[in-house]
1. Taking segment 22-58, which residues are surrounded by 23 or more Cβ atoms within 10 Å (Cβ to Cβ), modelled with pLDDT under 95 and not aliphatic (A, V, I, L, M)?
2. Quick check on this structure: which one of Arg549, Arg525 is more than 30 Å from Val845 (Cα to Cα) and either surrounded by fewer than 24 Cβ atoms within 10 Å (Cβ to Cβ) or in contact with a helix residue (DSSP H, G or I) (Cβ under 8 Å, 6 or more places away or on another chain) (or both)?
3. So, in segment 843-867, how many residues would count as being over 26 Å from the mean Cα position of the chain (by Cα) and of a type outside the set (Asp, Glu)?
4. Considering only segment 581-644, give the helices (runs of 4 or more DSSP H) lying wholly within it that have at least 3 residues that are within 18 Å of Asp682 (Cα to Cα) and at pLDDT 95 or above.
5. Of all residues in segment 646-682, count the ones that are out of contact with any Leu (no Cβ under 8 Å at 6 or more places or on another chain), of a type in the set (Gly, Ala, Ser) and not in a loop (DSSP other than H, G, I, E, B).
6. Going by the conditions given, is Ile887 under 30 Å from the mean Cα position of the chain (by Cα), over 30 Å from Arg52 (Cβ atoms), modelled with pLDDT of 95 or more and not assigned by TED's automatic domain parsing to the domain that holds Arg119?
7. Determine, yes or no, whether Arg297 is free of Cβ contacts under 8 Å to residues at least 24 places away in the same chain and over 27 Å from the mean Cα position of the chain (by Cα).
8. Check every one of the helices (runs of 4 or more DSSP H) wholly within segment 731-827 and list those with 2 or more residues that are outside the structural domain of Gln533 (by TED's automatic domain parsing), touching a residue at least 40 places away in the same chain (Cβ under 8 Å) and closer than 17 Å to Val845 by Cβ.
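The values are calculated or read from the model by the stated rules, or taken from the named source; none is laboratory data. Quantities reported herein were computed from a predicted structural model and do not represent experimental measurements. Neighbour counts are summed over all protein chains in view; Cβ atoms, including those assigned to glycine, are modelled from backbone coordinates with ideal geometry.
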Amino acid sequence: MKKTTFARRTSLWLTLMAITCAPLAAQTGPGFGSLKCEQETDPVGIETPSPRFSWQLVSPERGCRQTAYRIVVAGTEKDAAAGRATMWDSGKVPGEQSLLIPYNGQPLEAAETYYWSVRVWGPDGKPSAWSPAQRFTMGLPDREDWSGARWIALEEDVDSLIVINGTFDTGPDNPILGNKPFGRNKLPLLRREFTVDKPVRRATAYVCGLGQFELFLNGEKTGDHFLDPAWTKFDKEAQYVSFDVSDRLRQGANAVGAMLGNGFFNIPRERYSKFAGSYGAPKMIFKLQIEYEDGTRQTVVSDDSWKAAPGPVTFSSIYGGEDYDAGLAQAGWTSPDFDDSSWSAAVLTRFDSPLRSQRTTPIKIRQRVPTVRKYRNSKGNYLYDLGQNASGIVRLSVRASGRHTVRMFPGELCRPDSTVNQRSSGGPVFFSYTTRGDGSVESWQPQFTYYGFRYVEVEGAVPEGEPNPNGLPEIVELTGLHTTNSAEQVGTFECSNPLFNQIYTLIDWAIRSNFSSVFTDCPHREKLGWLEQSHLIGPSIQYGYDISRAYPKIVGDMATAQHEDGMIPTIAPQYTVFAEGFLDTPEWGSAFILLPYYLYRWYGDDRPMRENYDRMADYIDYLSSKADGHIVAYGLGDWCDIGPAEPAHSQLTSNGVSATAIYYYDICTMQRIAEHLGKTADAERYESLAAEVKKAFNERFFDRRTLKYDRNSQAANAMALYMGLVEPQYEEVVLKNLIDDIRGRGNAVTAGDIGYRYVVQTLQDRGASDVLFDMNSRYDVPGYGYQIAMGETALAESWQSRDYLSHNHCMLGHLYSWLFSGIGGISQESGSTAYKRIVIDPQIVGDLRDARVSFRSPYGLIRSEWKDAPDEFVQTIEIPANATARICLPATDPAKVTESGKPVSGRKDMAVESGTDGRIELHVGSGVYRIAVEK
């Protein structure tokens with residue numbers, strides 16, 4: 001479908017806003033939804049001196065929009081709720097902006113809590129009521145804010161050491177290990193008691209425990225996070241986590257305790273590991289800030305008054321698993337009045353990396369995955385099948401008489417004899433639990449590691465009710481606990497085609513399983529933040545999950561990982577240095593250019609672009625330095641495409657095609673960023689450079705005799721079209737080449753990790769969603785349907801579902817975006833940000849007869865539900881307040897279109913026009929619309 005001109009569409013928007021917007025009732029108006037500071041409700045640990053405020057409007061009225069706002073910030077909830085500013089008053093600011101409004105008041109103090117409220121005006125000039133007051137608590141941004149707090153540990157550090165194998169390939173991992181001892185540190189318990197003798201107004205705990213920690217107050221774990229803090233390059237930065245513990249303190253004696261694990265900070269050489277090394281022994285820094293009702297304050301900090309002891313976790317590796325000895329557990333150690341006389345004084349130690357507040361959404365246990373069946377295998381062990389391949393841990397409940405050790409071996413696959421196969425996921429990996437043995441039911445789950453698995457082979461125990469001649473522990477229950485990032489789910493999808501529903505679920509499990517504090521390639525074998533998928537599948541993920549806080553963290557990881565020459569490595573954090581193309585490849589490093597821009601497009605957040613602009617320019621300069629005649633021709637290329645050899649390096653597309661295409665796209669993106677930031681000279685320079693690269697690309701890769709790019713692969717044609725590299729007069733023939741290749745293969749995909757993203761988007765953008773439907777409807781050739789037929793429950797690393805490769809990778813999940821933007825039809829105009837100007841244009845192709853799709857955008861819920869019946873097409877659409885939409889309908893005659901039973905022509909609540917392709921388009925404001933098209 002051709003696009004209507006910008007001027008014409010802008011005129012329609014202005015007309016629509018003038019005639020359809022309902023007034024906001026005086027002192028009531030719309031309700032407020034999702035009031036956030038820095039993309040979070042009531043955040044704790046804000047470090048920026050200019051926090052940003054966002055709100056959604058909620059109104060049953062159609063066409064509800066904001067014409068002005070006023071924000072107040074105060075030191076008390078009462079003042080903010082009443083609209084009394086003591087820190088900042090924005091005054092009445094005209095405009096519709098309701099996202100990420102920066103604070104501009106008096107300086108905010110570390111560890112202080114502030115409150116804010118907002119009111120808005122509508123077209124009638126009347127104000128709404130003040131929103132409910134919200135709060136935000138500042139963090140500890142400077143070293144002096146941690147005054148008095150020291151790093152403490154159980155034992156002294158050994159010299160830090162990072163040991164790697166120096167190479168990466170698709171074969172086994174064989175780290176080269178020296179003779180220096182590291183890894184088998186004792187995992188400590190740390191505790192201290194303190195007294196609270198007055199009523200508490202509020203209390204905030206700030207803690208960084210490396211590599212991972214769990215914090216306890218008065219016998220209970222603080223918060224529900226898993227694997228805090230977020231993973232970073234620890235010699236460059238460590239993150240602390242902030243907790244509001246106001247309701248956890250008691251009058252009188254209180255106790256605080258912490259358990260520390262290894263994480264990526266200290267990777268033992270034992271069992272499986274992708275690499276091994278250590279930044280030192282586990283350690284912690286802590287500060288508790290208490291404010292009493294009478295205005296006085298108290299702090300509790302980590303220092304030499306703390307006690308330390310070895311904990312019951314006797315081994316923990318982020319790769320190799322975890323061991324727990326219940327006989328070493330000390331009951332009540334996090335409660336007051338515990339006898340710690342046998343404990344030693346905590347060791348004061350040092351760690352000099354800067355501390356930054358953890359702002360990304362934390363990992364949590366989000367779902368139980370129960371056992372669906374179990375078998376006794378050839379070794380006499382029991383295999384538990386959870387029915388779903390997922391990231392997570394095992395929760396074991398056993399009853400034992402006497403001390404026994406139960407080992408659990410997780411895996412994605414099992415062999416025909418019902419033993420676990422860890423070939424695809426890395427091994428040996430196991431969890432072990434040593435019982436107390438008092439005859440009661442004992443329950444345990446790992447605390448500082450996780451894995452990707454479907455099956456669990458249990459050694460040393462039998463299921464309750466099974467023959468047990470050796471008196472082994474009896475398994476009362478074994479279940480999986482799915483661990484993933486806690487980013488809010490914002491999208492739902494369902495349609496009439498069962499296969500596409502299965503594809504949605506298949507990809508969604510892979511997304512969740514690889515969404516930790518970075519986007520991992522797999523949740524087992526590597527757990528590393530490979531960067532290509534963050535930008536390639538990002539347009540899909542943003543429909544499913546709110547990544548407004550997770551992606552800025554990834555951008556920060558890349559900035560930290562950037563080399564002095566401007567190069568961005570393939571992984572961030574860069575825990576290990578890979579060799580050859582696995583260290584530096586443009587399709588991976590380009591995430592540093594694209595993610596900041598995508599955050600602006602998806603959420604209206606331009607801070608990552610502003611903060612990293614110079615570094616991003618350095619990366620463009622680095623790629624330019626690697627170019628020969630503007631052609632960049634190195635790296636991994638279209639990884640795991642389908643060619644004659646086994647999946648790995650690109651087989652069908654020359655590396656220069658994908659690398660130069662992404663280089664060109666980076667330059668064009670930097671031009672748009674420079675324009676947005678007002679850097680006119682830079683924008684002009686990038687525009688000129690892009691033209692030179694485009695010319696060189698076509699001279700090198702486009703054959704004007706055959707009118708084909710490179711080897712005429714799906715990836716080459718799609719990338720050239722999507723990136724805008726094709727000269728206008730050749731666009732139709734290149735699109736035909738792409739479609740002919742797909743059709744000529746019986747609607748089969750060949751593009752891999754890099755190319756398939758652009759195949760999906762190009763076919764959708766150019767009106768060929770029918771081709772997308774057909775190529776993803778097959779079970780008999782490698783693709784989504786093939787993987788499902790092979791029994792996959794999460795997306796596999798290769799289209800062919802090879803046993804030796806990972807069976808939980810999200811890198812090929814690009815169809816996910818089309819399920820929302822194609823079948824659901826939900827997208828935004830090219831010049832829109834944060835879905836302010838929405839497009840609803842469902843693709844009714846193949847055997848699709850209905851769909852129910854929703855997406856909670858930054859402005860609120862967007863819903864598209866449609867049904868295609870023989871006599872009519874019906875659709876229910878919901879547009880959030882303060883946004884507008886263009887609805888594209890399968891009709892050319894307005895007389896055949898009704899909304900809520902009434903003709904659409906001549907209405908004040910919508911504008912009707914005929915698109916350039918002849919279809920009817922409705923331009924509407926917010927509200928729910930029920931549309932029928934007579935056939």
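1. Within segment 22-58, Gly29, Pro30 qualify.
2. Numbers: Arg525 fails: either surrounded by fewer than 24 Cβ atoms within 10 Å (Cβ to Cβ) or in contact with a helix residue (DSSP H, G or I) (Cβ under 8 Å, 6 or more places away or on another chain) (or both).
Matching residue, one of Arg549, Arg525: Arg549.
3. Number of matching residues: 8.
4. 591-603, 607-626
5. 5
6. Details: under 30 Å from the mean Cα position of the chain (by Cα): yes; over 30 Å from Arg52 (Cβ atoms): yes; modelled with pLDDT of 95 or more: yes; not assigned by TED's automatic domain parsing to the domain that holds Arg119: yes.
So Ile887 passes the test.
7. Values: free of Cβ contacts under 8 Å to residues at least 24 places away in the same chain: yes; over 27 Å from the mean Cα position of the chain (by Cα): yes.
So Arg297 fits the description; yes.
8. Details: elements: 731-744, 755-765, 769-775, 784-789, 815-818.
Passing ranges: none, list empty.
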